[in-house]
Every structure is written in structure tokens, then in C-alpha cells.
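Inspection log for the structure reproduced underneath, given as C-alpha cells.
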Amino acid sequence: MPRRFPKTNDLKKLKLIANSIRKDVIEMLEEAKSGHSAGSIGLADIFTALYFNVLYHDPKDPEWGERDRLVLSNGHVCPVMYAALAEAGYFPKEELMTLRKLGSRLQGHPHRGSLPGIENSSGPLGQGFSIAVGMAIAAKRERKRWRVYTIVSDGEQQEGQVWEAAMLAYKFRLGNLTAIMDRNNIQIDGFTEEVNPLEPIVAKYRAFGWHVIEVDGHNIKKIIDACEESKAIYERPTMIIAHTIPGKGIPFMEFLTEWHGKPPTKEQAAEAYKILELDRREVEEE
């Protein structure tokens with residue numbers, strides 16, 4: 001299966017792409033005056049790794065039959081997905097500024113059919129995981145070579161539907177399914193371990209028959225390596241638990257649960273942009 005979108009192994013280039021995505025997310029949320037900051041910014045490195053190295057996809061042909069499918073289960077972090085899609089060339093970057101506006105294709109939660117590159121509608125947490133399992137079952141039965149990837153939040157692991165899907169994925173030995181958990185430890189009501197503890201999350205997924213890999217969710221090379229490792233696991237699905245910092249790179253956002261569902265003000269956005277610009281210069285000087 002040919003890769004129809006050129007990938008890059010240049011880590012400096014990938015870091016610069018992630019930086020650009022973070023900037024776009026900040027601008028989008030400030031313009032929209034609503035949306036989810038912490039998770040969207042924290043996932044920039046993971047989405048960069050996926051769209052610019054891991055996935056087989058084609059922005060010029062979004063419905064290409066042999067493409068890998070990326071299912072976003074925690075749909076509220078869609079600003080980072082929109083920014084990554086625009087960066088890859090699925091639609092003009094100028095359209096990012098229409099986020100959450102009346103008549104915009106960039107809705108507050110992704111809608112399948114509204115925007116190229118969106119594989120599933122999402123909003124209710126936990127359902128995207130089940131959708132991904134269903135896609136992987138279909139691909140395996142039809143002997144397709146494309147893979148299914150899904151981004152899931154740690155908070156949605158508190159949903160019973162997630163564990164039903166996890167059992168089903170192991171039952172059907174879905175080696176073509178890779179899930180990436182955004183383990184940032186926050187959710188809308190506070191810290192996950194205070195709201196409804198998830199640990200020991202690694203042991204739980206292993207007990208459910210999954211191959212589990214833990215990575216630094218901001219180390220792009222390790223994210224790519226984990227995805228490559230998952231391709232070599234044929235007899236069961238893989239869960240990559242990516243430890244991330246909510247609001248990564250923006251000191252006044254990092255680790256604070258209040259930023260789960262809050263956009264920056266104009267002044268905060270300007271400050272964040274300056275910080276990210278300094279980060280960009282540091283990467284260029286490496």
C-alpha cells in the first residue's frame with residue numbers, strides 16, 4: 001500500500017509543525033470565545049506524529065479507500081484535529097478562524113460529512129472507542145490493509161461502554177487497532193484520580209488482553225516508535241498510554257483543571273503566542 005502523503009522523519013520539522021498547530025489552536029479558541037484549551041494544546045505532538053508520519057492518508061483524496069482511519073473519541077479537543085488537518089492541506093488554514101461560528105464547518109464537536117478528513121461524529125464520551133472497534137472488525141473481516149487509530153481521553157475511561165469495547169477488541173484479536181490515550185489526568189470536574197480513580201490503568205488494559213505501551217506524549221519520536229511497534233502486534237489490539245501535560249508549553253495553563261473547557265482571553269492569547277514564538281526560535285536553533 002503506497003503512502004500517498006509524504007511523511008517526514010525530520011524531528012526538527014515535526015516539532016515546528018507541532019508549534020504551528022499550538023499557535024493555531026490558541027488563535028482559534030480566542031476568536032471563538034469558547035472551546036477546550038488544555039487538551040487541545042496538550043495533544044499537538046500526538047496529532048503531529050500521526051498526520052505527518054504515521055498515517056497513510058491523502059489530503060487531496062480524503063475518501064481514498066486505502067487510507068488509515070483516525071477516530072477522535074474525545075471530540076471536545078477537535079480544535080487540535082482541525083489545526084492538524086489544515087496544516088496537512090485538507091482545507092485552507094484561514095477557515096480555522098470560523099471555529100464554532102454559525103454556519104461553520106468547524107463545529108464545536110466534529111461532524112462526519114461536514115469537513116474533509118473527519119471519520120466520525122463525536123461528542124458523547126466513550127462512543128468513539130466503540131466506533132473504532134467496529135471499523136477495525138470490518139477491516140479485518142474484509143481483509144483490508146488499512147489500520148484504525150483512535151484518540152481517547154483518560155476521563156472517558158470511566159464510561160462502561162469503553163470497557164465493553166475493549167473486551168470486544170480482544171475477542172476479535174484486532175491487531176489492526178491502535179488506541180492512544182491522552183493521559184493528562186484532568187477532566188471537566190477536576191483531576192481524574194480525585195473524580196473516579198483510573199489507576200492502575202496499565203494493568204487494567206493488560207488484564208483485558210491488550211498490548212500496552214507507555215510513552216511521553218510530548219516526545220514525537222517515541223510516539224512514532226510506539227505506533228510502529230503496534231503494527232508488529234498481530235494477535236491483539238494495542239493501547240498507547242501517552243502521558244501528557246494539559247496546556248503543554250503555556251505555563252499559565254499547564255496542569256490546571258480550569259483550562260479543560262476555557263478559552264484564552266485576547267491578552268492571554270497574545271502572551272501564549274509570544275511564548276510559542278520563543279519556543280519556535282529555540283527549535284530552529286537546535
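Only the coordinates and a few stated rules stand behind these numbers; no lab work does. It should be emphasised that the depicted structure is a prediction, and the values quoted were computed from it without experimental measurement. Counting neighbours? That spans all protein chains shown, and the Cβs are built from the backbone with ideal geometry, glycine included.
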For the pair T8 and L102, how long in nm is the line joining their label points, each one 7 Å along Cα→Cβ? 4.0 nm
Starting from the Cα of K274, draw a straight line to each of the lysines and keep only those under 19 Å, dropping any in the same chain fewer than 8 residues away. K15, K23, K248, K266
Which angle from 0 to 90°, rounded to the nearest 10, does the C-alpha axis of helix 160-171 make with the longest principal axis of the chain? 50 degrees
Unit charges at the beta carbon, dipole of the chain: most positive-side option, I137, L96, T238: I137
What net charge is computed for the residues neighbouring K231, neighbours being all others with C-beta under 12 Å from the C-beta of K231, Lys and Arg scored +1, Asp and Glu -1? -2
Computed over the chain: longest principal axis from alpha-carbon atoms vs helix 127-141 long axis, angle to nearest 10 degrees, is 50 degrees
For segment 4-43: span of alpha carbons on each principal axis (Å, largest first): 35, 20, 14
With just the Cα atoms defining each centre, how far is segment 87-114 from segment 19-73? Give it in Å. 11 Å
Students often check this: by mean Cβ neighbours within 10 Å, which of 90-96, 168-174 ranks highest, and how do the rest follow? 168-174, 90-96
Residue among L177, L16, A226 farthest towards the positive dipole end of segment 11-284, charges placed on Cβ: L177
Provide the FRET efficiency to the nearest 0.05 for the H243-V283 pair, computing r from the beta carbons and using R0 = 22 Å. 0.55
Answer in debye to the nearest 20: the dipole magnitude of the chain about its Cα centre, from +1 Lys/Arg and -1 Asp/Glu charges placed on Cβ, is 1200 debye
Excluding residues fewer than 8 positions from K204 in its own chain, the lysines with Cα under 20 Å of it are K171
Straight-line reach from K144: which aspartates and glutamates have Cα under 20 Å away, leaving out those fewer than 8 places along the same chain? D58, D61, E63, E66, D68, E119, E228, E229, E235
When the charge dipole of segment 228-286 is computed with +1 on Lys and Arg Cβ and -1 on Asp and Glu Cβ about the Cα centre, the Cα farthest towards its positive end, among L276, P251, T265, belongs to T265
DSSP-defined beta bridges in the chain - what % are antiparallel, rounded to 5: 10 percent
Charge context of K221, other residues only, Cβ under 14 angstrom, K/R +1, D/E -1: -2
Could the peptides 270-280, 19-29 be put in order, highest first, of the mean number of other beta-carbon atoms found within 10 Å of their residues? 19-29, 270-280
